[in-house]
Every structure is written in structure tokens, then in C-alpha cells.
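Just so it is clear, none of the values below were taken in a lab; they were calculated from the coordinates. Computed from a predicted model, the values in this text were never measured in an experiment. Note: ideal-geometry Cβ built from the backbone for every residue, glycine included; neighbour counts use all protein chains shown.
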Amino acid sequence: MTPSATLSPRATPTPDADVPAADGVDIKCVGLVKTFRDFWMRPRVRAVEGVDLEVRRGEVFGLLGPNGSGKSTTIKMLLGLLTPTSGRIAVLGRRPRHVQTKKFIGYLPEESYLYRFLSARETLDFYGRLFRIPAAIRRERVDMLLAMVGLEAVEHRPVGEFSKGMQRRVGLAQSLINDPQLLILDEPTSGMDPIGARQIKDVIASLAARGKTILLCTHLLSDVEDLCSRVAIMYGGKVRAEGTIDQLLQEEHLTSLETDALPADALAEVRAVLERRGLAIKSVAQPRRRLESLFLDIVDRARKEGLQTSGARNGGAIAGFLRPDAAAEQGAAADGGAVLEQLTARPATAGPAPVADRSPAPAEADPLARLTAAAPAATPPEPTGSRPESTPPAAGDQGMLDSLVRKP
């Protein structure tokens, strides 16, 4: 029985059960199913059906599909906003609803749900408070993020006065305020002009180079080709195709040759050589530039001439506190086979080892370590009677969870 096969009622594990995670795998879904029911609890819509996904640390993974294909439902289950009907999910080595995972996830929804009367600076400060980031570190991070997305000149304007593209910049900045390991972006360049879209794509590529894991959901296929190392295409709640960009787009029955411009006699000789082998040239054309490249060149020339524009400016360097992931620095690689073995193997008699804490380790050697390492010590104490912070599952709890994953 394959992991994506539908499980019988007796063999179906608890939807929230942890999936054993391997080093270098930040998202793992096995047999994921989500059925929405009507008032009488009758199955009405099967939004996701038997989805298997694996997103490795440090890669940009594209989740594609038309409207209604199940992308948003899958993302909501990864975030713990929806409970799967069946199947198993691991996000950063824990179940999606585990409190510890929330600290290391950044999310940019399809619509920028911002408080319109707050300024850009106040908005980022508000989200920093939600993560209990100390005031001094919070101010420094807000400064860095505003400069990174090019909004430092309009930081005191209410976001309700911003264009949609500028609001998306604020949304991207708020998704990074907690220095997340996993970044889930839903239409990050929606509403942006080509300049802003190019800058945001550069930011995403730089974050991936620092070891951040990025799940990108978009309808702009050019963004996917520019950024993603692997993609999955969904339709009708199922993954219809998955692989690298080269694997999915390469046309093996054709060969492209690129040379300098050929005169007519040289082209005739090439045709003759191919005809002797029973082949023919299907078309001859001059290569074309991408429209995006032409547009950006024209704007760049105008800027060099000293022309100015209002609104958002060019984005700055990546915020210094967005440090590379410790595991990525050590060269941790994804081991898909090991994950699959753990998913299907029976639990050991002595019980499996507890899931390791995936919290990023402090970087003492990092010159900007004070932005991150000092945060726990300066965090104000919780009020008396507040609920203590969740801790990783104990070995006994993990053994109970893993016992649900068994061979049929």
C-alpha cells in the first residue's frame, strides 16, 4: 500500500498525528484529505484528495493550480487553520497546531489584511509585539525591514492610503518580523508593477540562499520559472504533476541550437546536412528579449538621468537579522527515502526517540547575534496565571503518536 493510497477507517491515523521528519525536510504531507460537509454532516466538497508533498529546507517550492484546485485549503492545513479529514502532516518536525511551530513560520496571505489607520511602522511594530520581541530589537528590525522593501520614505503614512502593491510590501515585511525558518507566500507580487515584482523576487531568492524554506503559491507562472527549484501542479484536489522546472518543461523530442546570425548560404548548407539525415528545420527565428527585461532597462536608464517618482523606492539589502539557518550552514540535506521508511515502518519496541526541537540555534559568531540571541533574556515575564509556553512532545507522547503510523 503506497502512502498516498486511501486508508481504511481502522487504519486511518489521527489527522493531527505527527509525521516523523528527516533532517532537511521542513514540510511533509502523506495522504492528505480534506472533505467539507454540509449542515447534516454529509460530504459536500472533497477539496483535497490524497496529496503527498515534501518541501526540503532551503528550497523555493511552487504550489500551482487554477482557482478551486485545493491550494488554499492545503496551505490552511499546513498552518493549522483547518484540520485534515485524514492523512498526516509535519511542519518543522511537529504537527501544524503545535505552538512551538508558530514562532518559526511567516505567512503572507493572498489579501493583505492590514489595519488601514496604522502606519507602515506601526503595523510592523504591532506584529513584533505579537511575537513578544523586545522593544529595542523590534525597532531595529522594523527599520531594517522598511528599508528592505523600499518603504522607509512613507513609513508614517496610513497603510489605507497605500496602493495594493505597497500594501503587499508591508505584508511581506510583517511575515519576516519574527525571522521565520518557513515562509509561506500566497501571491506575493500581486498588484505590483514590474519593478516592485522584480525586487520582491530578488528578496525571495536571497532568503532562500540564506537557508529559508519558501512555499510559493501564485498564478504568475513567470515568477515560478524565475524562483522555484521544484513545483507541484494541483487540479481537482490532487497533485497532477511534480518535479523540477527542467524536468517538467524540457521537450525531449526537440533540440535547440543557438549561433550567431547565419547568412542565407550557411542556412542552406545546414538544411542540406539535416536532410541527408532525414531531419528538417522546423522554424528559423531571431531570439527575443523578455518584456520584463526591456521594461526594467528603460526604467533604469530613466533613473540614471535623474528622473524621480513618488511612492515606494528601490528595496535595500536583506535585513541583517534574517540570519542563515543553522542546519543549512552545516549542510543538512533532505533524505526523502528515510522519511518514507519512517512513515511506513512499525514503531520499535523500546519506543522512538522524541522529535528534536527544530528551533534555530543561536549564532554567537554572527555580528548581528544581539538581535536574536538577546531576545529571550529581555522578554517580559508573562502575567501570573497565564498559560505556560508549550514544550516539545515527550518521548512517551511521541511513541503514542508514532504508533498510529503502522503497516496495514
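Full extension of the chain between A153 and L221 gives 21.3 nm of extra length, using 0.36 nm per residue less the Cα-Cα distance.
Of all lysines in the structure, the ones whose alpha carbon falls short of 16 Å from that of K102, not counting any fewer than 8 places away in one chain, are K76, K212. Across segment 160-210, C-alpha contacts under 8 Å between residues 6 or more apart give a mean separation that, scaled by the residue count, equals a relative contact order of 41 percent. Taking other C-beta atoms within 10 Å as the exposure proxy, S283, S69, S86 rank S283, S86, S69 from fewest upward.
The peptide list 104-116, 146-158, put in order of mean Cβ contacts within 10 Å with the highest first, becomes 146-158, 104-116. With Cα atoms defining each centre, segment 125-148 and segment 239-286 are spaced 53 Å apart in the structure. Rounded, prolate or oblate for segment 140-192? Axes are the square roots of the Cα gyration tensor eigenvalues, ordered a ≥ b ≥ c, and the cut-off for rounded is a/c under 1.5. It is oblate, given that a/c is not under 1.5 and a/b is not larger than b/c.
Among L118, L185, L64, L172, a tally of other beta-carbon atoms within 10 Å of each Cβ gives an order, fewest to most, of L118, L64, L172, L185.
Quick check: net charge around K201, other residues with Cβ under 9 Å of its Cβ, Lys/Arg +1 and Asp/Glu -1? So the surrounding residues net to -2. Counting neighbouring beta carbons within 10 Å and listing from fewest to most, the residues T85, T35 come out as T35, T85. Across segment 32-131, the relative contact order, built from alpha-carbon pairs under 8 Å that are at least six residues apart, equals 21 percent. Rounded if a/c is under 1.5, else prolate if a/b beats b/c, else oblate: with a ≥ b ≥ c from the C-alpha gyration tensor eigenvalues square-rooted, which is segment 62-183? Because a/c hits 1.5 or more and a/b fails to exceed b/c, segment 62-183 counts as oblate. Each peptide in 128-141, 251-264 receives the mean, over its residues, of other Cβ atoms within 10 Å, and ordering these scores from highest gives 128-141, 251-264.
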